[in-house]
Structures are given as C-alpha cells and as structure tokens.
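J.: Can you keep this structure in mind? I'll have questions shortly.
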Amino acid sequence: MFNILVVLLFALSFSQSLFISEYSEGSSYNKYVEIYNPTDSDIDLSNYQIWKISNGGDWEEGAGNSLNLEGSIQSYGVFVICHTSVDESIISMCDILNGSQSMNFNGDDAVGLAFNLELIDQIGDAGDDPGSGWEVAGVSDATKDHTLVRKSNIMMGNTDWASSAGLSMEDSEWEVYPQNTFSFLGWHIDGGGNIITGCTDPIATNYNPDATLDDGSCEYQALEVSIYDIQGQANSSPYIDQIVSTSGIVTGVSYNGFFIQDGMAEWSGIWVYGMSDNLSVGDLIIVTGSVLEYNDLTEISAMSVSVESSNNATPAPIVLNTGDIGESYESVLVNVMGVATTNPNEYGEWTIDDGSGALGVDDKLFAEADDLIETGNQYVVTGPVDFTYGIYKIQPRSAEDVYQFFQEGIPVANAGDDQAVDVSSLVTLDGTSSYDSDGILLGYSWSQVSGPMVDVDNYEQPSIVFTAPDEFCTIEFSLQVYDNEFNFSSLDYVVITVGSLGIYDIQYTVDQGEYCYETMMTGSEVTVSGVVTHVRSTGQFFLQDPDYDTWSGIYVYDTTVQPMVGDELILSASVNEYYSLTQLLDVTSSSVISSGNSLNPILLGAEDIGIECSMSGESYESMLVTLADITFDSVDEYGNWTISDISGATMVDDYYFDDSLGSWPTLSAGDTYDCLSGVVSYSYSEFKVYPRNINDFECLSNDCLSDGDVNFDNNTDVLDIVSIVGYILGNNTFTDDQLCTSDVNQDENVDVLDIVLVVSTILGNI
C-alpha cells in the first residue's frame with residue numbers, strides 16, 4: 001500500500017508541474033497555447049485537456065469544450081497547441097493543430113489546462129465576463145490582441161487568476177507583448193536555467209545536438225560549385241539542402257531576391273532568394289547559401305552576398321522561340337518575339353505566343369510590365385526566365401525590355417493617355433500622335449468599347465469630343481488608323497474615368513459605429529488621386545488630397561506601385577478597413593500625373609488628434625501634420641511616446657520611421673521640440689503621429705511667422721481678424737508677407753479656418 005501511495009504522489013507531483021508558458025490571441029486565427037514541462041522527465045499527455053469557457057461561463061462548460069491532448073512533452077520542453085489556421089510562419093512549431101471550440105477563443109474567453117478533469121492552470125476566470133479581455137500586469141484587455149509569456153521565475157500553474165494576472169508588471173506572473181509576437185514560441189526559460197544555447201542546425205559544422213535554443217553561432221562549410229553544377233541539367237538540383245558558394249552577374253533584381261548568370265548558355269542562371277538590398281543589374285557577386293527547390297524552381301536561399309565589382313556587362317540574351325522555353329533556360333536571360341494572346345489574369349500575367357507555344361510574361365521585376373502589352377499586338381520581350389505556379393514566364397526588368405514590333409509599312413494608332421474627368425465635363429480624345437513611317441495617314445476610326453454610351457458627332461476625325469456622363473463610371477475607346485496603301489494599324493485604347501471619387505468621400509463619416517468611424521465604402525472599387533506624403537521601406541505609402549484640410553489622407557497597402565514622395569498619383573483600388581484604419585489595397589491600375597509636388601503639413605494642436613477614438617482624430621487619419629512646441633512626457637513598454645502641447649496630448653511612434661537620413665533621436669521624458677511632423681495613423685485603438693525621417697523633428701523653414709499678425713505690431717488681436725476678414729471678402733489687398741503670416745494653418749489658402757486659429761490664439765487655446 002505504501003509503494004502504491006508513493007507512486008500516486010509521484011505521478012500527482014508531475015501532473016501539477018506542467019503549466020501554461022505562453023498564450024496568444026493574435027490576428028485572424030493566430031491562436032495558440034504553449035505548455036511547459038519544468039521537470040527532468042518526459043510526461044505523457046494522454047490525461048491532459050485544454051478547456052475553454054465563453055463570456056463568463058463556468059469550468060463545467062470548459063470541460064464540455066475540452067480538447068484532449070496526446071503525445072508526450074519532453075523534459076524541460078514545450079508542447080504547442082495551435083488553431084488549424086495559424087500563420088504559416090509558426091505552423092512548424094505547433095505540435096497539435098485543432099480547429100475545435102477549445103482553440104477558437106477570444107480575449108474574453110477563459111482558457112484552462114486540466115489533468116484528469118481537474119483544473120491545474122488558467123488564463124481568465126469563470127463567472128466573469130471582462131468585456132473585451134482581462135487586464136494583466138496593468139495592461140487593459142491584455143488577453144485580447146496580445147501575447148502573454150510566463151515569467152521565468154514561475155515554476156507551476158496557478159488557478160487563482162487574480163494573483164496570476166496581478167495588478168502591475170512587478171506582481172504579475174506574465175509579461176504582455178503586442179499582437180502576433182511569436183519570437184518566444186517554441187521555447188521557455190525557467191528559473192532553473194534549463195535552456196541550452198548553441199547551434200541547432202544539423203547541417204552546420206558546429207551543430208550542438210544538446211542545444212535547445214539557437215544563439216546564432218552556426219557555421220557552415222560551403223561547397224564552391226558553378227551555377228551549371230547546381231542546376232544539374234535536371235528538374236531538381238543534386239545539391240538540395242547543401243550549403244554552396246557560387247558567383248555570377250546580376251541580371252534582374254526584385255524586392256525579395258535576384259537572378260544571376262555566369263554564361264550565355266543553357267543551365268547558366270539561378271534565382272537567389274533574399275539579400276537583394278543595394279544590388280544592381282551588372283554587379284558581379286559571390287553568394288553563399290542553401291540550395292532548395294521552391295515550387296520546382298531551383299534557387300539559393302542566401303546566407304551572405306558580397307559584391308566583387310559593379311557595372312559589368314550582362315550576358316547577352318539568348319534569342320528563342322516562345323515554345324523553346326523550358327527547364328534548361330530557367331533563370332537565364334532570354335529574348336523572344338510573340339503576339340499577346342490573352343489579357344492579364346488576376347495576377348497581372350500576360351501570355352505571348354509566336355506560334356510555337358505559349359509563354360507567360362510577368363511583373364516580378366518591373367511592376368508596369370503588364371501596362372505595356374495589349375491583346376493582338378506583337379512584342380519583343382527580354383528578361384530572365386522564371387517558373388511559378390507551374391508556368392514558365394519571362395520577367396522584364398524595365399520598359400526597355402518590352403517593345404512593340406511593327407511590320408514595315410504598317411501605321412501606328414495612338415489614342416492618347418488615359419484621363420480622369422469630372423461628371424458632365426467636355427472630354428477630348430486626341431489621336432493626332434498616330435503616324436505612318438513610310439506613307440500618309442488617310443483615315444481614323446474611333447469606337448466606344450465599354451461604359452455608358454456617349455454622343456460623338458463624327459467617329460472618323462483625328463480628335464473627337466463628347467460630354468461625360470453625369471455619374472461615376474469608366475469609358476473605354478479604341479482607335480484604328482489606316483494609310484494611303486490601306487494598311488490598317490492595330491487598335492490602341494484609352495480609358496476615361498468619370499467623376500473620380502475623392503479621398504474625402506471615402507474617409508468622411510459622422511457615425512462612430514461599433515469601433516472607430518469606419519468608412520462606409522468597405523469593399524468598394526474606387527479611383528482616387530492625391531500626392532504621396534510618405535513611402536515605407538516595405539513599399540506601402542500614404543496618399544493625401546491637397547484640396548482638403550481634413551478627411552483627405554489614406555493609407556495604400558500595396559507594394560506594386562512603388563511611387564516617390566511628391567508624386568501625384570491616380571489609382572484604382574479596393575477600399576478596406578483594417579482594425580479601424582481605412583486603407584486601399586489590391587491596386588488594379590495607377591499612373592503618375594506629376595512629380596516633385598510639395599505638400600505642407602497641417603498645423604495642429606495635439607488635442608486635435610488626441611489618443612482615444614474621436615471624430616477629430618479620425619478626420620486627420622493618414623494626413624501629414626505638424627505639432628509645435630511639444631514635450632515628450634513618457635514612453636510605454638512598446639516604445640510609444642506620449643507627447644503634449646498647450647492644447648493636450650497625443651502619441652508618437654517610430655514604426656514608419658526611415659533611418660536612412662539619420663537615426664531616431666535619443667529621447668528622455670521632458671525633452672522638447674519646436675516642431676514635430678509626421679503622418680497620423682490609428683493602431684491598437686490609439687491615434688499616433690508617425691515621423692517619417694529625422695527631418696520631421698525640425699521646423700520647416702519659412703520666410704514669415706504664420707501667427708496671424710498681419711499688421712506686424714507684434715500682437716495677434718482682433719485688428720488682425722478684421723484685416724483677414726476684409727481680405728477674404730475682397731475688400732483688402734495683402735502683400736506677400738501678409739498672405740504668409742495670415743495663412744496660419746499653412747495650407748496655401750487664407751480662409752475661415754485661419755480665422756478660427758487666430759481666434760484660438762487670442763483666447764489662449766493654442
């Protein structure tokens with residue numbers, strides 16, 4: 001009997017040792033629970049369960065929503081239970097994938113770890129509906145949109161949630177991290193220091209089989225081989241999963257990799273994944289990395305890249321028929337001629353064919369490639385050969401790699417550039433740039449292809465005129481010309497966008513709704529224009545309509561456009577709302593109207609933006625603003641600063657900061673700045689100003705002080721208001737200096753908004 005009791009007590013002690021070491025309530029279905037074994041023995045999990053209760057239920061409900069675990073958990077190891085639809089980047093760390101109710105939890109659902117139907121650890125509490133989520137370590141709603149990691153000094157579970165959650169960072173058993181923080185997943189350090197650091201990669205020369213956490217020390221012995229040898233003259237490389245070193249000349253560069261080539265023959269090219277920053281076509285490089293087959297494309301996953309020389313001549317493209325392209329020309333620079341046979345598919349891919357077989361044309365290296373091709377015309381296309389989704393494709397690198405081939409004596413039609421016009425406006429289509437290289441154009445033939453029908457007096461003139469419809473729409477016309485030998489051109493097309501919506505129309509709303517003033521146009525396909533105010537290093541950018549002082553900025557979540565700051569764009573895209581941030585995505589077309597435009601930030605008080613959701617803050621979402629005479633008050637655990645001026649407070653974050661012009665300044669509480677500029681965004685239920693670069697910490701240079709003192713008596717008072725009102729009504733004439741100082745909000749207009757700011761100055765509100 002004594003021995004049985006010892007065994008039972010031993011088993012019980014082991015069961016009580018397991019505890020929840022990590023919890024994630026991330027975006028979408030990024031939900032998981034990690035369990036830790038702090039003992040020196042493996043533990044069978046067959047008697048363990050994950051429980052979930054919803055919205056203040058009891059643990060009996062949790063037992064009913066039970067997920068039975070299976071397998072075992074290693075000594076000083078972790079076991080991860082994930083929702084079936086977690087992000088692919090973490091799926092390899094999951095020991096169980098399950099889509100049951102138990103793993104479909106939200107921030108207000110309690111999750112427990114049970115042994116033989118007895119609760120031994122928990123997150124959240126029974127009988128208590130917290131609203132959105134429970135507070136943990138002083139962080140509100142910490143169980144919603146956060147990752148919780150158990151502190152290293154905790155060695156067992158706790159069914160007293162109040163003591164486990166704590167009231168502050170100091171007394172809580174948990175550390176709280178932002179949503180989708182996955183860097184702690186798959187390992188846990190306890191107070192006993194049972195994590196062994198070292199190289200965990202078995203192919204490394206210094207692989208440590210006892211290491212449980214990789215410390216980045218792995219070393220590799222690379223095999224020096226040619227691209228020809230890596231390709232192996234077969235569908236897959238003979239060097240799969242081996243570390244190799246090879247060299248070649250860069251023939252094409254993308255944001256996530258590049259093509260290299262070491263000759264002008266078959267099997268002489270290869271795609272290199274990663275480390276493409278600062279590389280250019282013509283660079284001679286040495287690359288070291290691991291060989292793999294990614295969807296049947298042989299590639300090198302780069303570990304290191306060194307540039308030996310630059311501005312080298314690239315290998316001459318190999319001239320081929322479209323049907324000749326196959327495995328041997330994978331990643332090799334080629335030149336083909338063919339007729340465009342289909343319009344771009346949903347991925348922007350064309351098909352061209354010279355009669356020998358079809359070949360894809362894609363925009364991996366050159367985003368505008370699909371804009372240069374039209375159905376039925378013949379093109380000469382140059383670029384490296386790619387293989388994706390089971391199709392060989394040629395990847396043009398610039399506009400020079402795609403040009404239309406004209407047979408001798410055939411005229412060329414030019415219908416003019418695409419247009420954006422107002423409703424009911426007069427539209428002119430100009431075909432006078434059409435030409436014939438060896439003859440005289442005799443005739444023009446316009447035809448409306450799509451859109452509401454419009455009235456045209458004569459479709460056979462070089463230029464035609466019509467009145468646009470009185471509604472938002474798009475209209476497409478084609479033009480064909482013929483010469484004195486009655487040779488007919490290919491069709492050329494022009495698209496007219498009528499009544500383009502403004503950013504203001506998308507953003508403006510007076511309904512706060514369930515969340516924070518979300519757009520009423522989610523899912524709509526729109527065409528807008530504006531000036532680019534900031535481009536992130538990842539390619540996404542902010543667009544602002546200079547004609548409005550509020551509701552005029554929007555975030556464009558797209559990396560295909562690749563604009564420059566100051567570009568005036570017109571683009572078509574879909575409207576989306578991402579956690580109450582209005583954005584455009586899935587851009588279908590874009591064009592640069594002009595470049596080098598300057599857009600001055602809107603001068604605001606911090607209170608105009610605020611922190612919590614408000615209609616005022618929402619009206620400046622994604623706009624470029626400037627705050628004056630601000631103080632850095634405090635910084636939170638995520639690095640977000642609270643700043644203030646005389647009007648109130650808002651927040652500042654470095655998430656969009658570009659450090660190419662200088663690093664983010666070293667800041668301390670109490671630091672002051674005369675000016676701070678940036679774009680306004682909304683994240684984690686907070687409005688924040690995001691400086692773009694180090695220049696946003698400096699005041700714009702002005703020839704005048706825009707304080708409303710138009711009579712220059714060193715006082716801003718009611719006399720100045722009278723003068724400004726007189727100017728607006730047309731009764732006063734201002735000098736350039738007076739116009740500058742009366743434009744208080746620096747929007748290049750003197751209007752009632754400036755009067756409001758002068759009044760606020762007089763009253764002491766600014």
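Taken together, the values in this text are just the output of simple stated rules run on the coordinates, not laboratory data. Bear in mind the structure is a predicted one, so any value in this text is a computation, not a measurement. Here Cβ is always computed from backbone atoms with ideal geometry, including for glycine, and neighbour counts include all displayed protein chains.
J.: Please give, to one decimal in nm, the separation of the simple spin-label points placed at Tyr347 and Ser217, each 7 Å out from Cα toward the Cβ.
T.: Computed distance between label sites Tyr347 and Ser217 equals 4.3 nm.
J.: For Lys144, which lysines qualify as cross-link partners when the Cα separation must be under 26 Å and same-chain residues fewer than eight apart are set aside?
T.: Within reach: Lys31, Lys52, Lys688.
J.: In addition: Enumerate the calculated ³J(HN,Hα) couplings along the range 113-120 in order (Karplus 6.51 cos²θ - 1.76 cosθ + 1.60, θ = phi - 60°), each rounded to whole Hz, writing x wherever the residue is Gly or Pro.
T.: My calculation for the range 113-120 gives 10, 10, 10, 6, 6, 10, 5, 10 Hz in order.
J.: How large is the charge dipole for the range 334-375, taken about the Cα centre, if only the Cβ atoms of Lys, Arg (+1) and Asp, Glu (-1) carry charge, to the nearest 20 debye?
T.: In debye, rounded to 20, the range 334-375 gives about 160.
J.: Convert each backbone phi in the range 152-164 into a coupling constant with the Karplus relation 6.51 cos²θ - 1.76 cosθ + 1.60 (shift: θ = phi - 60°), then list the ³J(HN,Hα) values in order as whole Hz, x for Gly and Pro.
T.: So the Karplus estimates, Gly and Pro as x, are 5, 7, 8, 10, 7, x, 8, 8, 9, 4, 4, 6, 5 Hz.
J.: Set the Förster distance to 25 Å, then compute FRET efficiency between Asp547 and Thr432 from the Cβ-Cβ distance, nearest 0.05.
T.: Step by step, r from the Cβ atoms, then E = 0.20.
J.: What is the gain in length, in nm to one decimal, between Thr733 and Asp658 on full extension, counting 0.36 nm per residue of separation less the C-alpha to C-alpha distance?
T.: 22.7 nm
J.: Relative contact order for the range 718-763 using alpha-carbon pairs under 8 Å, separation at least 6, rounded to a whole percent?
T.: Here the relative contact order equals 33 percent.
J.: Extending each Cα 7 Å along its Cβ direction at Met303 and Asp422, get the distance between those two points in nm, one decimal.
T.: 6.4
J.: Which order do peptides 329-342, 270-283 fall in by mean Cβ count within 10 Å, highest first?
T.: Output ranking for 329-342, 270-283: 329-342, 270-283.
J.: Under the 0.36 nm per residue contour assumption, what length would be gained going from the current alpha-carbon distance of Val592 and Leu667 to full extension?
T.: Contour length minus the Cα-Cα distance gives 23.2 nm.
J.: Here's a follow-up. In nm, what is the difference between 0.36 nm times the number of residues separating Ile440 and Asp324 and their Cα-Cα distance?
T.: Gain on extension, Ile440 to Asp324, equals 37.9 nm.
J.: Can you put Leu763, Leu297, Leu627 in order, fewest other beta carbons within 10 Å first?
T.: Leu763, Leu297, Leu627
J.: Once both labels are modelled 7 Å past Cα along the beta-carbon direction, what's the Ile91-Met155 spacing in nm?
T.: With each label point 7 Å from Cα toward Cβ, the separation is 3.9 nm.
J.: Same structure again: How large is ³J(HN,Hα), in whole Hz, for each residue of the range 629-636 in order, when computed from phi with the Karplus curve 6.51 cos²θ - 1.76 cosθ + 1.60 and θ = phi - 60°, using x for Gly and Pro?
T.: 6, 9, 10, 7, 8, 7, 10, 8
J.: I would also like to ask the following. What is the set of long-range amide H partners of Thr626 at a cut-off below 5 Å, with H atoms built 1.01 Å from backbone N?
T.: Ile602, Leu603, Leu604
J.: Cut-off under 23 Å on the C-alpha distance; same-chain residues fewer than 8 positions from Lys364 excluded. Which lysines are left, in chain and number order?
T.: Leaving aside lysines fewer than 8 places away in the same chain, those within reach of Lys364 are Lys393.
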